[in-house]
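Contents: one structure, followed by commentary.
The values are calculated or read from the model by the stated rules, or taken from the named source; none is laboratory data. Computed from a predicted structure; not experimentally measured. So basically every Cβ, Gly included, is an ideal-geometry build from the backbone, and we count neighbours across all protein chains shown.
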Amino acid sequence: MGDEPFQGRVGRTFEDSEPWWPEVRRARPGAPNVVYVLLDDVGFAQLGCFGSDVATPTLDRLAARGLRFTNFHTTALCSPTRACLLTGRNHHSNGMGRITDLSMGFPGYDARIPFANGLLSEILLLHGYATFAVGKWHLTPEDECHMAAPRTRWPLGRGFERFYGFMDGETHQFTPALISDNHQIHPPRGYEDGYHLTEDLVDQAITFVKDLRAVDDAKPFFLYFCTGACHAPHQSPPEWIERHRGRFDDGWDAWRDATLARQLADGVLPAGTELSPRPEWVPAWDSLDDTAKAVYARYMEAFAGFLSHTDDQIGRLLQFLETCGELDNTILVVMSDNGASSEGGPFGSVNDVRQWNVVPRTVEEAFARLEEIGGPWCHNNYPWGWTVAGNTPFKRWKRETHEGGVADPLIFSWPAALRSGGELRRQYVHAIDVTPTVLELIDVEPPETVGGVVQRAIEGISFADCLTDSGAESRHHTQYYEMFGCRALYHRGWKAVTFHPIQDTSVGFDDDRWELYHVDMDASECHDLADREPEKLEELIQLWWAEAERHQVLPLDNRPFSELVFGKPRLVPERRRYVYRSGAAAVPETTAVNVRNRDHVIRARVEVPDGGASGVLLAQGSGLGGWALYLLGGRLAYAHNYVSVEEHHIDSDQDITAGPHELSYRFRRTGEHTGTGELLVDGTVVGQGTIPRFTPMRFSLTGAGLTCGYGDGLPVTRRYSGTFPFNGTIHEVVVEVDGTEFVDPEADAAFAIARQ
């Protein structure tokens, strides 16, 4: 029964009663499926159909039978764009002015999409659609992404009937942190057995459709399919990286030139579009030595392999839909969430967590590990030169409001209704416009209420008329941008934009220099007209402030890491004593006991089996960084993996007999992020040593949490392999922390540049 009032009659008996049933919700006959394919950190120029020489044949074919929008824009960052896409409202209107991890206590930044801003999934559910989300989510507040959290802002709480994917902004592609519906699961197999996340996501998406069609052969579905690609780590099966070996040896300067030529020849860019100058902080390729060239080319090969492999897997999904006869009547939207990422820094990275821990990333180490790049033991990311190239011909990159951060590829296809044959569209379009366009195409009016909550007006503008009329005028005339203090305002072909340095509080927002571009004529922002057109510039600046007031953009704050972020109340209060039991779900790092830079004791009450004990007692992190208390060969051991730079081990000098025991590890802090460790069996010290460098800030960026009785699939130490489950019985593992959370100012300052 629904919520509608009963319209029958209830008498004393069935003879004088009349039954009534609410009308079953069914979509209109012939209603199309809707599929959103959302790529991550893929720049404007990185798909083949947008000028790249990276092989993306699936998306190229889709573009050839659909439409390419070449003036499409996003917010410059992932969570904000995703909120825009699903709701049709601006990112600050959704409380998503930043990524969920960096929320603040202001309406535009609290990372809690209001229920008054209904998601497309919630709307379509009311109209008889099945709704599936697969892949990256990153729309739930960080402190609600654990097994004790409320699920109201998880996918199943926001109108999706099934979910399979990961909650955070990134995850390991070979050993991901997975959620199925509302609970945590382990990957179905290990990377040694050929597992890769993208292939798994496609398998699950296909399964969802199969399950639906096994019961209902007419019900349309909405599939929100979000790959981890191409966010770091850039990981793919090795044969896909090998396909690109040597392809980027000419470097980023030559690649930019060749890409611009392809874009102009194909009409992706207006005739006369110029290539923005290479930034001064990116070296000329020819100035690099042979070692750097080899390393930087390899980083790009890994990215290209990741993208091509993803394209191939998307092809597998589309082939399934075509085989089932579903593809023609499917509205298919493919886009990226922001420009290419600069998070690899000037030299690239073999492990992005090092940046969080103030550990240098060197070309020399990468060269020594060249063949590992793209594989499971690296969290690799390419250097700035390839970021700039990926955004050809635009300036700057992800997280900033110049075109390199906000201009992205968009492909739109609906074979049954749009016979476009590979046409291009140059009308200005924003991510908030996609959902209102889809609603118009499927003839669904935005509801007045969803779940009893009165809905706010959708802020996006449908571009449905552009789908059939290449000459239709742009209907989206004005759009503000803001990200960490970087700001821009687009208005009728003009754009005012200012860059504000992240975290730097020495520069006031009123001191920022605004630039002015006539982007209808100068798409790549090469000719600043601020001095020539001061009145136009002032008009747009004032319009920006008006839009900022209207959409909850204020207060401005360029500090991703400050007391406004760290000072918020914890959903789960911190305590001094934590109890863990074997087999429980992995606990996210933000919720687990914090042992960094403080005295702590780990005590495990266990039963050791006959024949000797082995396996993990308690572990946190993975082979990219973390620690583990475990037994190997019948002896107790502790390992600390310092961001995969070095491992520190403390080993017992005696075997442990069968039977009940208390196995302990005690750490005493002797300085900033250093100390001594002792292993104890039933209170007796059996091993001791020094941990000269304890991880100061983060063990993992890929979702590897704290586990009891087993470890991550990419183990903290290569002394053992796989998840290495304990072969005895663990009654409980107690962790006690003593003292305050010591903070290293130098390590804290690293947050200023982390992930940028």
(1) surrounded by 15 or more Cβ atoms within 10 Å (Cβ to Cβ); (2) under 28 Å from the mean Cα position of the chain (by Cα); (3) in contact (Cβ under 8 Å) with a residue 60 or more places away in the chain all hold for A258 apart from (2)
For segment 523-538, give me each residue that is within 13 Å of H402 (Cβ to Cβ) and surrounded by fewer than 20 Cβ atoms within 10 Å (Cβ to Cβ).
C526, D528
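Within segment 426-524, which strands (runs of 3 or more DSSP E) (wholly inside it) include 1 or more residues that are touching a residue at least 40 places away in the same chain (Cβ under 8 Å) and of a type in the set (A, V, I, L, M, F, W, C)?
Once the strands (runs of 3 or more DSSP E) in segment 426-524 are filtered for at least 1 residues that are touching a residue at least 40 places away in the same chain (Cβ under 8 Å) and of a type in the set (A, V, I, L, M, F, W, C), what remains is 478-483, 486-491, 494-498.
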Given the criterion of a type in the set (A, V, I, L, M), within 29 Å of E365 (Cβ to Cβ) and either surrounded by fewer than 23 Cβ atoms within 10 Å (Cβ to Cβ) or in the same structural domain as F484 (by TED's automatic domain parsing) (or both), identify the matching residue among V587, V645, V616.
V645
When the residues of segment 689-711 are filtered to those that are in a loop (DSSP other than H, G, I, E, B) and in contact with a His (Cβ under 6 Å, 6 or more places away or on another chain), which remaining residue is surrounded by the most Cβ atoms within 10 Å (Cβ to Cβ)?
T702
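So that you can scan it fast, the table gives a plain yes or no per residue for (1) farther than 22 Å from C78 by Cα; (2) assigned by TED's automatic domain parsing to the domain that holds P80; (3) modelled with pLDDT under 95; (4) surrounded by 19 or more Cβ atoms within 10 Å (Cβ to Cβ):
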residue	(1), (2), (3), (4)
L418	yes, yes, yes, no
E423	yes, yes, no, no
A431	no, yes, no, yes
L439	yes, yes, no, yes
E445	yes, yes, no, no
T449	yes, yes, no, no
V454	yes, yes, no, no
E459	no, yes, no, yes
F463	yes, yes, no, yes
Could you please find all residues in segment 123-160 being touching an Asp or Glu at 6+ places or on another chain (Cβ under 9 Å), of a type in the set (D, E, K, R) and surrounded by fewer than 24 Cβ atoms within 10 Å (Cβ to Cβ)?
E142, R151, R153
Being over 24 Å from G452 (Cα atoms), out of contact with any Asp or Glu (no Cβ under 9 Å at 6 or more places or on another chain) and in contact (Cβ under 8 Å) with a residue 12 or more places away in the chain is the requirement here; does G165 meet it?
yes
Can you pull out the residues in segment 217-227 that are of a type outside the set (F, W, Y) and in contact (Cβ under 8 Å) with a residue 60 or more places away in the chain?
A218, K219, P220, L223, C226, T227
Filter result for T70 (under 23 Å from S341 (Cβ atoms) and either in a helix (DSSP H, G or I) or without any contact (Cβ under 8 Å) to a residue 60 or more places away in the chain (or both))
no
Counting just the residues of segment 231-246 that are buried (at least 20 other Cβ atoms within 10 Å of the Cβ) and over 16 Å from D53 (Cα atoms), which one comes out nearest to the chain's Cα centre (by Cα)?
H231
Determine which member of the set L321, L327, L307 is touching a residue at least 24 places away in the same chain (Cβ under 8 Å), outside the structural domain of H527 (by TED's automatic domain parsing) and not in a helix (DSSP H, G or I).
L327
In segment 55-65, which residues are assigned to a loop (DSSP other than H, G, I, E, B) and crowded, with 24+ Cβ neighbours inside 10 Å?
T56
